[in-house]
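Everything on this sheet refers to the single structure shown next.
We did not get these values from a lab; they are worked out from the coordinates using the rules stated. Bear in mind that the values here come from a model prediction, so they are computed numbers and not experimental data. Heads up, the Cβs are rebuilt from the backbone with ideal geometry, glycines too, and the neighbour counts pull from every protein chain shown.
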């Protein structure tokens, strides 16, 4: 019984969204063109369940390149309408189109000369009549067995809001990098914005030794840095080699007196390197493909400015 009832709810809401395609008309196109040319913000207003949906629509618009904020109608009538500026567009969300708080705000909106777009299921309502364009989100029935609790209607309204946001995204040429710039704390932001220079080990955490340093002394440096690797430089300070704990293990299998040897005898000469400007995602791919634990980072003069470690990439969700 439980699963069957749940399936009924999902079927009703799926049907409500599917039937929206038949309601798309010139009003949707006009709304898109109006918002695209807007010099201000899209101010989304709504109350109750419609207000909750409106908050989500506003957040989606803002995160996909269309400046937007949510305004509660009651707060708007008590001074917050002052946040609205000339050039803004009002996107009003009300399924019935007859909400009292929202209706009280309509004369103020019209008095400011602002364009008004309605997302409503009642195309002949007070809100619809006051609007410059009406996007119809009417559903045949709610998923609620009493046809009372906003369910299919809120789902349909939210889906239409997503349609607005995504069509605008495409028309504006909004790219992954733009999305990442607005989500710097998210995984996508890290993947598309982080460069090696942002997370590489530098300064005291960038172990650098000379080519004549004995392996036993280099091991002390490696232990202190907890990297398991050291950059090896020549007299001019340029990188000439890289020595890792993997190199140590390989040489121990061949010879027993490695600890007393200078690094120039056992290091990896002309190691693979990257620069601080390399994207962190590219560094992660290289490490995976080449089975590296770390990579030396050099500047334009071939001097070692850091080391990028696999653990640091993993910590950023890039492994």
Please report the relative contact order for the chain, taking Cα pairs under 8 Å with a sequence separation of at least 6, and give it as a percent rounded to a whole number.
-> 14 percent
Between the Cα axis of helix 280-290 and the main Cα principal axis of the chain, the angle (0 to 90°, nearest 10) is 50 degrees
When only C-alpha pairs under 8 Å and at least 6 residues apart count, what is the relative contact order of the range 196-315, in percent?
-> 32 percent
Which angle between 0 and 90 degrees, to the nearest 10, do you get for helix 100-111 versus the longest principal axis of the chain when only C-alpha atoms count?
-> 80 degrees
Exposure proxy order (Cβ contacts within 10 Å, fewest to most) of 146, 14 | 146, 14
Which of these values of Cα Rg over 2.2 N^0.38 Å was calculated from the structure shown: (1) 1.42; (2) 1.54; (3) 1.17?
-> (2)
Ranked from fewest to most other Cβ atoms within 10 Å of their own Cβ, 312, 162 fall in the order 162, 312
Gyration tensor over alpha-carbon atoms, the range 196-315, equivalent ellipsoid semi-axes in Å | 23, 16, 12
Output the relative contact order of the range 2-174, whole-number percent, from Cα pairs under 8 angstrom with separation of 6+ residues.
-> 27 percent
For 98, 13, 5, what ranking results if the residue with the fewest other Cβ atoms within 10 Å of its Cβ goes first?
-> 5, 98, 13
On a 0 to 90 degree scale, rounded to 10, what angle separates helix 245-254 from the longest Cα axis of the chain?
-> 40 degrees
Under a point spin-label approximation (7 Å from Cα along Cα-to-Cβ), what is the residue 85-residue 5 distance to one decimal in nm?
-> 5.1 nm
Would you mind calculating the gained length between residue 257 and residue 30 on full extension (0.36 nm times residue separation, minus the Cα-Cα distance), in nm to one decimal?
-> 73.8 nm
Heads up, the range 1-49 by the C-alpha gyration tensor (a ≥ b ≥ c square roots of eigenvalues; a/c under 1.5 rounded, else a/b over b/c prolate, else oblate) looks oblate
